[in-house]
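Shown next, in structure tokens, is the structure this report addresses.
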Amino acid sequence: PPGGWENVMAYDSDNVFAQILRGEIPCDRVYEDDHVLAFNDIHPQAPTHVLAVPKEAYTSMEDFTQNASDATISALFRAVGQIARDLGLAETGYRILANTGDDGGQEVPHLHIHIFGGRLLGPMLSKGA
Ligand code: AMP
């Protein structure tokens, strides 16, 4: 890739979720703790569509699972479960998703966990293998 492989993981501080975390642009917040911020997706694809992001700067699952502390990883996934319960999804069910890299279709280069719920969500992927 342009710039070489050492730059693949470089964090872009101008990404939209970094701007939200800095308070430079608004979000519709649904949850916050010391490690995690969660807000409604601006283009919801389900009645509930929330994005949970770590407050620390990680580009993706690839970066996060290599470089985040156990405490940070734990905090994010504990928060995702708590958010789902807070939003009333625990009983009806929900889906989480982390698009990662090019094949994953990741658009915003700050790790985010999508939380979908509020309707029967249908097939796991839109197309087969
Ligand atoms: P992806 O990187 O493909 O997992 O998806 C990025 C998601 O971020 C999309 O669902 C967008 O609708 C959402 N998004 C982009 N900008 C904002 C924003 N300012 N506030 C909330 N959600 C956003």
Quiz item: Based on the Kirkwood radius over alpha-carbon pairs, what is the Stokes-Einstein translational diffusion coefficient of the chain at 10 °C with 1.306 mPa s viscosity, in µm²/s?
Solution: 103
Quiz item: Where does each of 74-86, 11-23, 106-118 land if you order them by average Cβ count within 10 Å, highest first?
Solution: 106-118, 74-86, 11-23
Quiz item: Can you list residues whose amide H is under 5 Å from residue 37's amide H, if they're 5+ apart or on another chain and H is modeled 1.01 Å from N?
Solution: 53, 55
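A short reminder: the numbers here are calculations on the coordinates, not readings from a lab. Predicted model only: the values in this text are computed from it and were never measured. Neighbour counts are summed over all protein chains in view; Cβ atoms, including those assigned to glycine, are modelled from backbone coordinates with ideal geometry.
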